[in-house]
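Visitor: Quick one: the structure is below, and I'll ask about it shortly.
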Amino acid sequence: MGQKILYTTSYDDIIESISEICNCSADHIRDYIQNSQPFKNTAIRDVRHKLFFNEIGINFDGHKEMYETIKFDTVVVSHLTTRITEPDTTDIYYLGKVLTERIDIRDFLASKGLYFKRSPQGLMLYYNEEVVDWNNFNSSIASRIKVRLRVNGSYMDNCINGFLFNHLFWEDGDVEHIRDCPEILSDICHVLRRNGIIKEWGALSKSYALGFLAEVKDIIFDEHTKFMTTKSKIYLIYKYVIYYLIQNYNGVWSPRFDNPKMRLYDNECVSKDKIIGFYEIKR
């Protein structure tokens, strides 16, 4: 039996996926959505997924049978990336590998006298053959760089992030500002006073929305840290999906505030064969 995939790439794709996963009628799902009132001041935990399954015609006797009927293995994660090359030509890397192994940004930075090397202290930046000491810069941006590169710290930003729904996810307030340029690149250029590099990157690169497949067991919802088992994450995703379908149908779903963020575990890359598609986001 093949893996069951929840496609969150569009409103219609979600409905068709649930229909296939649960072996129920897509028309019943649409009827339920169209006959439902939009949520008002409703927490995700209060979305009634069991009622949804009953109303769309899924028959089950108890929670165990319900879970076996509605469970899926894999979900699509929507990811924002800014590149010179098309995004399906390489694996998706976490930050450490992006800066040292992704050819487009690595070579671009090298042409400006910037390159990175790994060390026990973190990811060290060399500028004109000299190590940049971020302690010499008294700014919040320099402090953020130190944290992300784990310079003299215990944490390094080494996870791949994304969103559950593809629908206008790049309008979320946490990523809207990095649509034209990776945050780490703009931060470094601001601190080094090389803002012309940011403009040049913007002229050479394009912004893309891409979708990749991730197994439910491998994703983390930072806003819901207690949901760590595959079963609990599947139920949480269904609650978000029900909320999205009803709110979107009624024109009140907000891509800036309602789209849950997800991430993979640290130091995990995504193979390019897991990328199911991409498109350019116009600037």
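The values are calculated or read from the model by the stated rules, or taken from the named source; none is laboratory data. If you're wondering where the values come from, they're calculated on a predicted model, not measured in any experiment. Virtual Cβ from ideal backbone geometry, glycine too; neighbours counted across all protein chains shown. Heads up: the accessible areas ignore ligands, DNA and RNA and are worked out on the full protein's heavy atoms, side chains in. Shrake-Rupley method; radii C 1.70, N 1.55, O 1.52, S 1.80 Å.
Visitor: What do you reckon, is ARG118 under 20 Å from LEU204 (Cβ atoms) and either of a type in the set (Asp, Glu) or in contact (Cβ under 8 Å) with a residue 12 or more places away in the chain (or both)? Even if it seems obvious, please write down each step before you answer.
Guide: Values: under 20 Å from LEU204 (Cβ atoms): no; either of a type in the set (Asp, Glu) or in contact (Cβ under 8 Å) with a residue 12 or more places away in the chain (or both): yes.
No, not satisfied.
Visitor: A further question on this structure: Which numbered condition trips up VAL147, out of (1) assigned to a helix (DSSP H, G or I); (2) touching a Phe, Trp or Tyr at 6+ places or on another chain (Cβ under 7 Å); (3) open to solvent by less than 10 Å² (accessible area, probe 1.4 Å)?
Guide: The single condition VAL147 does not satisfy is (3).
Visitor: Take the conditions aromatic (Phe, Trp, Tyr), open to solvent by 50 Å² or more (accessible area, probe 1.4 Å) and within 30 Å of VAL132 (Cβ to Cβ) and apply them to TYR115. Does it pass?
Guide: Working: aromatic (Phe, Trp, Tyr): yes; open to solvent by 50 Å² or more (accessible area, probe 1.4 Å): yes; within 30 Å of VAL132 (Cβ to Cβ): yes.
For TYR115, the condition - aromatic (Phe, Trp, Tyr), open to solvent by 50 Å² or more (accessible area, probe 1.4 Å) and within 30 Å of VAL132 (Cβ to Cβ) - is met.
Visitor: Could you list, in sequence order, all residues of the range 114-126 that are part of a strand (DSSP E or B) and in contact with a Lys or Arg (Cβ under 9 Å, 6 or more places away or on another chain)? It would help to see each step written out before you state the result.
Guide: Pass one, the range 114-126, residues part of a strand (DSSP E or B): 114-119, 122-126.
Listed by number, the residues that qualify are LEU114, TYR115, PHE116, GLY122, LEU123, MET124, LEU125, TYR126.
Visitor: A further question follows. Considering each of ILE198, ILE219, ILE275 in turn, give the residue that is touching a Ser or Thr at 6+ places or on another chain (Cβ under 8 Å) and either hydrophobic (A, V, I, L, M, F, W, C) or at pLDDT below 95 (or both).
Guide: On the way: ILE219 fails: touching a Ser or Thr at 6+ places or on another chain (Cβ under 8 Å); ILE275 fails: touching a Ser or Thr at 6+ places or on another chain (Cβ under 8 Å).
Within the list ILE198, ILE219, ILE275, the selection yields ILE198.
Let's see how each residue does on (1) touching a Gly at 6+ places or on another chain (Cβ under 8 Å); (2) assigned to a strand (DSSP E or B):
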| site | (1), (2) |
| --- | --- |
| VAL76 | yes, yes |
| THR82 | no, yes |
| LYS97 | no, no |
| ASP107 | no, no |
| ALA142 | no, no |
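Visitor: Every residue in the range 40-74 that is aliphatic (A, V, I, L, M), within 21 Å of TRP253 (Cβ to Cβ) and outside any loop (DSSP other than H, G, I, E, B), please. I'd like the intermediate steps shown before the answer.
Guide: So in the range 40-74, the residues aliphatic (A, V, I, L, M) come out as 43-44, 47, 51, 56, 58, 66, 70.
Then drop every residue that is not within 21 Å of TRP253 (Cβ to Cβ), which leaves 43-44, 47, 51, 56.
Residues satisfying the conditions are ILE44, LEU51.
Visitor: Given the conditions (1) free of Cβ contacts under 8 Å to residues at least 12 places away in the same chain; (2) exposed (fewer than 15 other Cβ atoms within 10 Å of the Cβ), report the number of the one that ALA26 does not fulfil.
Guide: Checking ALA26 against (1) free of Cβ contacts under 8 Å to residues at least 12 places away in the same chain; (2) exposed (fewer than 15 other Cβ atoms within 10 Å of the Cβ), the one that fails is (2).
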